[in-house]
Amino acid sequence: MSVPREVELGVTGMTCASCVRRIEKALSKVPGVVEASVNLATEQARVVYDPEAVDVEALERTVEAAGYGVRRAPAGAAAGEPADASAARAAEAERELADLRRRWVASLAIGAAMMALMYLPVRPDTAVVAPLLLIAATVVQFWAGGRFYRAAWAAARHGATNMNTLVAVGTSVAYGYSAFVTLWPQLAERWGFPVHLYYETSVVIIALVLMGRWLEARARTRTGAAIEALVRLQARTARVIRHGVERDVPVESVRPGDLVRVRPGETVPVDGVVREGRSSLDESMLTGESLPVEKGPGDTVIGATLNRTGSFVFEATRVGRDTTLAQIVRLVEEAQGGKAPMQRLADRISGYFVPIVLVLAAVTFAGWLLLGPEPALIPALTAAIAVLIIACPCALGLATPTAVMVGTGKAAELGILIRGGEALEAARRVDTVVLDKTGTLTRGRPAVTRIVTDGLPEAALLRLAAAVEVGSEHPLGEAVVTHAAGLGLDLPRAEAFESVPGKGVRAVVEGRAVLLGNRALMSDAGIALDGLDRRAEALARGGETPMYVAVDGRGVGLVGVADTLGPGSREAVAELRALGLAVVMLTGDARATAEAIAAEAGIDEVLAEVLPHEKAEAVKALQARGRVVAMVGDGVNDAPALAQADLGVAIGTGTDVALAASDVTLVGGDLRNLVTAIALSRKTVGVIAQGLFWAFAYNAILIPVAMGALYPAFGVLLDPMLAAAAMAMSSVSVVTNALRLRGFRRPESAEAILDPPLRARVADYAYLAGIAAAALLAGAVALALAAGGH
C-alpha cells in the first residue's frame, strides 16, 4: 500500500443524517478507501484512500451511484486555493437558496388559496373545484416536490430510505387519494371511499418542508462566516522590489526570497522576515491579540496582518498555500468537516430510523382502520401521513455538525485553531494540564533580570559587559546587549575579542581587560571573587543564570539572566486551577531552575530534568493514574508528548512539527487562550447536547401524538400540515441554537466559566422558552383545527 492521500468531495442532495450514513457506507466499501467521513452541515465528504487502488474519479462515481451529486471545482480554478473553493460554494449556495425560495413561496401561495377555497363559509361544489385543485396540486407535487421523488427513488434503487422517502410517501398518499376520488368519483363511492380532498394537505406539506430547508440552508450559510472572513483578509496585490524597481503584482506572483515593501495602512501580503525599517502591526485578526506588535529587522511578519505606522521591507518566506493564513483556513475547514463522537451515535441511530418510521406509519394506518371510528379511512390516512412527515431525522443530523462548525469558526476568530469535534469533546473532559516551560510558560528567550555590582556603578558595569558581548552570538550575550540597548547606553568598541567555548568571552574595552562568563572562566584567569560566589548561588537558586564580570583582574559584579515568564502565564495558571484543573510543569531544566519558575507561575507539581524522549512517557504515566491530560508545548521535542496526550495544545509561535501533532493551536502564543479554548469547548458541547436532546425529545414526544395517542382522551388528531411545520421548525431551532455560539466572548475569569454571567444564562433560557412557546402554539392550533373538523 502506498502513502494514503486525503480528498474533500463536495456532496449535494443530502437532507438528513441517514444520507450521511448511506454515503459513508458506500465509500467505505470501495477497495482502497481507508476512512470516509461525511458532514451534513458542510456538505463535504472527507476520504482517506490508497491512490494505487482507487482514484478520485472513482470516489465521485461512488457518491453519484449512491444517489447524490458531486460538487466539482469550477473550470480554471487553482486547485486547493481557499478563495476559489469558498467563492464556488457561496455561489452554489445562493443558487440553491433562490431555487428553494421560489418553490416554497409558490407552493405556499397555492396551498393558502386552496385552504381559503375549502374553508369558505359557502363551500363551492366539489365537482366544480376538484379538477382545478387537481391541476394546481399536480404542479406543486411534481415541480416543487420533484426533488423529493428524485432523491427517494435514488435511495430506493439501492435498497435504502431517507427523509425524502417519508415526505414523498406521505404527500403521495394525500395527493393520490384526492386525485383518485376526483377522477373516478363513482368508483370511489362504489368501493366505499369517502369523497374527501387532501390536495391542500400535500401542497402545504411540500411548501412547509421546502421552507424549512430554505430557513435551515439560510442559517447554515452563516456558519461558514469564519472561513469567509479569514479569506477576505488576504491581500490582493503586493509591492515587490525586483532589480531595484518597485512594482505592484498579484499576490499569487510573489515568490520566496522576494523583497516586499509594506506602507502604512496596507495589509502584509505573505509571510516573511523584516529586513529594513520598523513598524507596529495589528495581528488581532489572526492571533486574537488586541495590542499592536512592534516589528523590526529580523522579526517575522504574518500575511494578512495590518501595518499600522511605519514602512518596512521584508523578505518573503512563505507564499500561496504555505502562508499562515492558508494553513489556518485549511485547519478550520478540516475542523468544520470533522465529526464529533456524539455525531457518530446520532448517525448510527438515523440509519435505522427511517425504516422504523415506515413500519410505524403502516402500523398506524392498519390500527386506525381496525380500531378507529367510522369512517376509519380518513383518520387512518391523516395519522399515517402525520407520522411519515413529523419523524424526519434532520434535526438529529444537524445538531452536532452545525455546533462544531460555529464553535471552531468562533475559535479561529479568537486566535485558537481546533481540529474538530473530537478535540472539542476532549477539551471538555481534561482534568490535568501539562505545561512545557521554555517557550510555553516562559518567553523562550533569555533576558537580563538583575545586575549585582561590587565597587562599580550598575550602568558602567552593564556598558562594559554589553560592549564585550556585541561580538558574541550566544543567547545570553544577546540578552545583555539587548538590555543595554533598551536603556539607551552608548557602547564603546571592543578589541581583542576572544570567545572561550563553554566558559564565556574576553576583550579589551577602552583599554581595560574585561571578562564575562561563568565561574570556570574566572578560576582559569585566577580572579578573586570575594563575596560574589554566595550572591551567584542565590541567583541560581532563584532560577537565574549568573554571569561573572571582571575588570582588570578583579571581580566587579554579576549579571543575572533568565528566561522570564511570558505575558499572562501567571494569570493563565491561576485560571486553570480555578477551573479545578491540576497544572503540571514539564521541563528538561535543572530542578532548582524549574522549581523557581514554577513557584513564580503558581505551579505546585513539577517534573524536572526530563529528557526530550521521556516527555511522552511522563504524559503516559499521568494517564495511567486515570488523568485526562492536555499537553501544551511549542518545540520539536514536544511533538511526541503532544501526540500522546488526550489533548495536544501547540503554541502557535512554535515549530511546524508541534503544530502538526496538536489538536489545538494557540496562534498568538498567549497561554490565556487555553482557558478560552476550554470555555468554548464546554459551551459548544453544551449546545450539541441541547440540540441532540431536542431532536430525540421531539421524535419521542410527537411520533406518538401523530399516531393518535391524544385521541382517546382529548379527541385530538395531529394535522399533517402541523406535522410538517413542526418538523421544519425542529431543524431550524437546532441550527439557530448553534448560531448562538457566534456571540461567545472571552471569559473575564474562571469564575465566569463555572458560573456564567446573567447574559449567557438568559440566552439559554430564552432559547428553551422559545422552543416551549412554539410547541404550545402548535398544540393550541392543533386543538383548534381538531375542534373545528376538517
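The values are calculated or read from the model by the stated rules, or taken from the named source; none is laboratory data. A quick note: this is a predicted structure, and the numbers were derived from the prediction, not measured. Quick reminder, even Gly has a Cβ in these numbers, built from the backbone with ideal geometry, and neighbours come from all protein chains shown. Please note that ligands, DNA and RNA were not included when accessible areas were found on the heavy atoms of the full protein model with its side chains. Shrake-Rupley method; radii C 1.70, N 1.55, O 1.52, S 1.80 Å.
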### Summary
So, first residue over 18 Å from Ile205 (Cβ atoms) in the stretch 691-718, second residue open to solvent by 70 Å² or more (accessible area, probe 1.4 Å), Cβ within less than 8 Å, six or more apart or across chains; the pairs are Phe714/Leu783; Val716/Leu783
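Give the residues of the stretch 245-274 that are of a type in the set (Lys, Arg) and exposed (fewer than 14 other Cβ atoms within 10 Å of the Cβ), sorted by residue number. Spell out how you get there, then give the answer.
The first filter runs over the stretch 245-274 and keeps only residues of a type in the set (Lys, Arg), leaving 247, 255, 261, 263.
The answer is Arg247, Arg255, Arg263.
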### Query
Would you call Asp589 at pLDDT below 85 and open to solvent by 40 Å² or more (accessible area, probe 1.4 Å)?
yes
## Note on the structure
Across the stretch 30-59, the tally of residues that are open to solvent by 30 Å² or more (accessible area, probe 1.4 Å) and either aromatic (Phe, Trp, Tyr) or assigned to a helix (DSSP H, G or I) (or both) stands at 2
### Task
Just name the residue that is surrounded by the most Cβ atoms within 10 Å (Cβ to Cβ) out of those in the stretch 7-29 that are of a type outside the set (Gly, Ala, Ser) and touching a Phe, Trp or Tyr at 6+ places or on another chain (Cβ under 8 Å).
Cys19
### Task
Looking only at the stretch 702-709, decide whether some residue is open to solvent by 30 Å² or more (accessible area, probe 1.4 Å), at pLDDT 80 or above and outside any helix (DSSP H, G or I).
yes
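Here's the yes/no breakdown for (1) at pLDDT 80 or above; (2) under 29 Å from Trp214 (Cβ atoms):
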| residue | (1), (2) |
| --- | --- |
| Glu8 | yes, yes |
| Asp50 | yes, no |
| Glu60 | yes, yes |
| Arg72 | no, yes |
| Val105 | yes, yes |
### Query
If you scan the stretch 490-533, which residues turn out to be among the hydrophobic types (A, V, I, L, M, F, W, C), free of Cβ contacts under 8 Å to residues at least 24 places away in the same chain and part of a helix (DSSP H, G or I)?
Ala520
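How about the stretch 294-313: which of its residues are part of a strand (DSSP E or B), touching a residue at least 24 places away in the same chain (Cβ under 8 Å) and within 14 Å of Ser280 (Cβ to Cβ)?
Just the residues of the stretch 294-313 that are part of a strand (DSSP E or B), to begin with: 294-295, 300-301, 306-307, 312-313.
From what's left, touching a residue at least 24 places away in the same chain (Cβ under 8 Å): 300-301, 306-307, 312-313.
Selection gives Val301, Leu306, Asn307, Phe312.
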### Message
For a quick check of your reading of the model, give me the residue pairs whose first member lies in the stretch 97-115 and is among the hydroxyl-bearing types (Ser, Thr, Tyr), whose second is open to solvent by less than 40 Å² (accessible area, probe 1.4 Å), with beta-carbon atoms closer than 7 Å and at least 6 apart or on different chains.
### Response
Ser107/Val140; Ser107/Ala144; Ser107/Val203; Ser107/Ile206; Ser107/Ala207; Ser107/Leu210
### Message
Exactly one condition in (1) crowded, with 18+ Cβ neighbours inside 10 Å; (2) modelled with pLDDT of 80 or more; (3) under 18 Å from the mean Cα position of the chain (by Cα) is false for Gly420; which is it?
### Response
(2)
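Residues are listed down the side, and each one gets a yes or a no for (1) buried (at least 23 other Cβ atoms within 10 Å of the Cβ); (2) touching a Pro at 6+ places or on another chain (Cβ under 9 Å):
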position	(1), (2)
Asn673	yes, no
Ala677	yes, no
Ala689	no, no
Ala695	yes, yes
Ala700	no, no
Pro712	no, no
Val716	no, no
Val732	no, no
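Of all strands (runs of 3 or more DSSP E) completely enclosed by the stretch 534-614, which ones contain at least 1 residues that are more than 18 Å from Ala447 (Cβ to Cβ) and small (Gly, Ala, Ser)?
Numbers: elements: 545-551, 554-565, 582-586, 605-607.
Those strands (runs of 3 or more DSSP E) span 545-551, 554-565, 582-586.
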### Query
With respect to the numbered conditions (1) in contact (Cβ under 8 Å) with a residue 60 or more places away in the chain; (2) of a type outside the set (Asp, Glu); (3) surrounded by fewer than 20 Cβ atoms within 10 Å (Cβ to Cβ), which one is the sole condition not fulfilled by Ala188?
(1)
### Flag for Thr440 being over 24 Å from Glu537 (Cβ atoms) and of a type in the set (S, T, N, Q)
yes
### Query
Quick one: would you say Glu617 is touching a Lys or Arg at 6+ places or on another chain (Cβ under 9 Å), more than 14 Å from Asp431 (Cβ to Cβ), open to solvent by 20 Å² or more (accessible area, probe 1.4 Å) and in a helix (DSSP H, G or I)?
no
### Message
Which condition from (1) more than 23 Å from Val167 (Cα to Cα); (2) aliphatic (A, V, I, L, M); (3) modelled with pLDDT under 80; (4) under 24 Å from the mean Cα position of the chain (by Cα) is the one that Met1 breaks?
### Response
(4)
### Query
List, please: which pairs have Cβ atoms under 7 Å, are six or more places apart or on different chains, and start with a residue in the stretch 235-257 that is closer than 17 Å to Val274 by Cβ and end with one that is among the polar types (S, T, N, Q) and in a strand (DSSP E or B)?
Ala235/Thr267; Pro256/Thr317
### Task
Determine if the stretch 455-473 includes at least one residue that is open to solvent by 10 Å² or more (accessible area, probe 1.4 Å) and within 40 Å of the chain's Cα centre (by Cα).
no
### Selection status of Pro756, at pLDDT below 75, surrounded by 22 or more Cβ atoms within 10 Å (Cβ to Cβ) and not aliphatic (A, V, I, L, M)
no
### Query
Taking Val169, is it within 30 Å of Arg21 (Cα to Cα), out of contact with any Lys or Arg (no Cβ under 8 Å at 6 or more places or on another chain), surrounded by 14 or more Cβ atoms within 10 Å (Cβ to Cβ) and of a type outside the set (Asp, Glu)?
yes
